[in-house]
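Only the coordinates and a few stated rules stand behind these numbers; no lab work does. Everything numeric in this text was worked out from a predicted model, so none of it was measured. Glycine also receives a Cβ, built like all others from the backbone with ideal geometry; neighbour counts cover every protein chain displayed.
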C-alpha cells in the first residue's frame, strides 16, 4: 500500500469516528435529543437485539432475506427487460420514434407511487415488490442501453456487415459488447433503485422485510430501529456494489484501463 | 487497357466492378441536398489494382461504400461481376481508414470473424485465422487485444481479417493514412505480396499520389467535389514491383508522377481554395505532398 492510500484510509476511519463519536457524544450530553435522533449505542443495541431475539415480524435474517430476494429478482428482471427493449429501440428507428413520447411520459411520472397500485393488484407478498423494483430498474438500464446502442461506431457495424454478418450477428458481436460499457455503468445506480423499490414496496404494505421493520420502528417511536434498518440496507447495497464492480471488471477486461474509480466515489 | 506483365489469366469474373453514370446525393442536416459524386464511370477488371486519388471530400470513400453495398447510388448503376449491387456485395472486404477492429475481441477473434459469420465451424475458423496471422507476421500475438498493438500491427490484423474471406474484391479507404512513413512503406510491400497471391480486384483510395503509383495498375484522378472521374492513367511499371520505397526513384516513376500530378494539382488547388481564405498555391502543393 502506498503512503497516499494509507493516508486516505486513515482519514476515512477518522471521519467515521468523528461522525459517530460526535453523534454519541452530543446525544449523551443531551445537547441533541436521542429520542428524535437516535444514538449509535442504541442503534447497535437494537440491531443486536434483533439478531439475538428476533423482531416483531420474526427472525432478522428472514427480513433481510425477503428484501434481498425482492431486490435481486426485481434487479434481474429490470436489467434483462431494459437491455432487450433498449437494444430493440436502438436498432429499429421506426419503433423508437413511435414509442418515444410514451416512454418520456412514463419516465416523467413519479413511478414510486405505482407501488401502491402493485400492492393492491399483487397483494402483500413479494411479487408486488419485485414488480416495483423491476419497474424502477428498467428505466435506468433501458436509457443507458438505448444510448449505448446509438453510440456504436458505424465503422464497426459496417465492417461486420461487409464481412458477412447477419443482423443478429451484428447485434451479438458488435452492438451488445459496445453498449455493454454503458449498460454496466447503469447497473451501479440500478441496484440502488432495486433496493428502493423493494423497501418502499414493503413500507406500502407487506408482512416481512426491512421496510416493514422500519415502519414498525416508526410506529413504536423507535428512532434507533429506523437507523438500524437503514444501516443494514446500506451494508447490503455496499456488498452489491462490490459484486457489480467485480462483474464490471470481468466483462470489460478488454479495456485499456478501468474507469471504475470514478464510479466508486 | 491492361498494361501489366505476369498476369494470372484465370481470374474470377466476379471481381469485375463497373460504375456507370453514378451520382450520389446526400441530404444535409439542413435539408439541402449535397452531391458527393456526379456521373462517375469507372471499370475495374478482375484482379486489377486501381488507385483513386483526389482532394479531400471528393467522394472517394463514397465510391467504396457504393461498391460494398453499404449505400445506394442516387442515379446510375453499380455492378459487381455483372450483377447490379443490391444489399451487401458478397465476396467483398473493406479496410477502413480508422481501425474497424473490435476492441473487446482478441486479435485471433477479430480475424476469425469473417469465416464465423459465414458459418464456418469455430475450430476451422480459428485455425484459418492463426494461419492468416502467421502470414501477416503476427504469430504469437493471437491473444492480445487491439489496444495492446502498435498502429502498424493493427493494420496487419485488419489486413488478415479482410483477406481471410478470400474476397474477389478488396476495398481500401486510405488504409495506411495514419501510419508513419516507414511503416506505411513496409505495409505497402506486404499488401502487394499478399495481393499477388490471390489477386482480388482492388480499389485503393488515397490522397498520397506516390503511394498510388507505387501500388496500382491504374490511377484514377477525381475532381474536387462533386467528384467525378477526371482522368485515368495506366501505370506501366513492371511487376513484381519490389520495394515501394525504392521504386519511386526510378525514371519512369518520376515521369508518371509528374504527368498525374499535373492533372491532380488543379483539383487540389480548387478544393483547397474552397475550404480556406485566400490561399497561396505553393502552400497547397507542399501540404499535399508531405
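What to note about this one:
- Gaussian network model of chain B, Cα within-10 Å springs - most flexible of B:88, B:235, B:203: B:88
- Spatial offset of the range B:192-269 relative to the range A:176-243 amounts to 66 Å, using the alpha carbon center of each.
- Antiparallel bridges, percent of DSSP beta bridges restricted to chain B (to nearest 5): 55
- A crude spin-label estimate for the pair residue A:14 and residue A:26, with each label 7 Å from Cα along the Cβ direction, gives 2.0 nm.
- Between the helical axis of A:93-108 and the longest alpha-carbon principal axis of chain A there is an angle of about 20 degrees.
- Inter-label distance for residue A:220 and residue A:95, nm, one decimal - labels placed 7 Å from Cα along Cα-to-Cβ: 5.1
- Rounded to 10°, Cα long-axis angle of helix A:126-150 versus longest principal axis of chain A: 40
- FRET efficiency, residue B:148 to residue A:143 (Cβ-Cβ, R0 25 Å, nearest 0.05): 0.15
- Normalised by residue number, the volume inside the convex hull of the Cα atoms of chain B is 146 Å³ per residue.
- Ranking of B:60, B:199 by neighbouring Cβ atoms within 10 Å, starting from the fewest: B:199, B:60.
- Against chain B, whose longest principal axis is taken from its Cα atoms, helix B:122-135 shows a tilt of about 60°.
- With both residues required to sit in the protein assembly as shown, DSSP beta bridges show an antiparallel share near 55%.
- Here the label points at residue A:231 and residue A:108, each 7 Å from Cα along the C-beta direction, are separated by 4.3 nm in the simple model.
- Fewest-first sequence of B:90, B:239 by Cβ atoms within 10 Å of each Cβ: B:239, B:90
- Computed helical MRE - 222 nm, chain B, DSSP H runs ≥ 4 contributing -39500 (n - 2.57), nearest 500: -12000 deg cm²/dmol
- Rg of the Cα atoms in the range B:108-264, relative to 2.2 N^0.38 Å, amounts to 1.14.
- Linear extension gain, residue B:273 paired with residue B:210, 0.36 nm per residue minus alpha-carbon span: 20.4 nm
- Extent along the principal axes, Cα only, for the range B:99-166: 30, 22, 19 Å, with the longest axis given first.
- FRET E, pair residue A:153, residue A:33, Förster distance 56 Å, beta-carbon r, rounded to 0.05: 0.40
- Taking every Cα-Cα distance in the range A:11-55 and sorting them into 5 Å bins starting at zero, the pair-distance distribution P(r) comes out as 6, 22, 22, 19, 17, 12, 3, 0 percent.
- Distance histogram for chain A (every C-alpha pair counted, 10 angstrom bins, percent rounded to whole numbers): 7, 23, 26, 23, 14, 6, 1, 0
- Chain A: calculated mean residue ellipticity at 222 nm from DSSP helix runs of at least 4, using -39500 (n - 2.57): -26500 deg cm²/dmol
- A Förster radius of 35 Å, combined with the Cβ-Cβ distance separating residue B:124 from residue B:41, puts the computed FRET efficiency at roughly 0.25.
- If you run the Gaussian network model on chain A, springs between alpha carbon atoms under 10 Å, then out of A:12, A:57, A:24 the most flexible one is A:12.
- Unit Cα scatterers, Debye sum, the protein assembly as shown: log10 I(q)/I(0) for q = 0.10 Å⁻¹: -0.91
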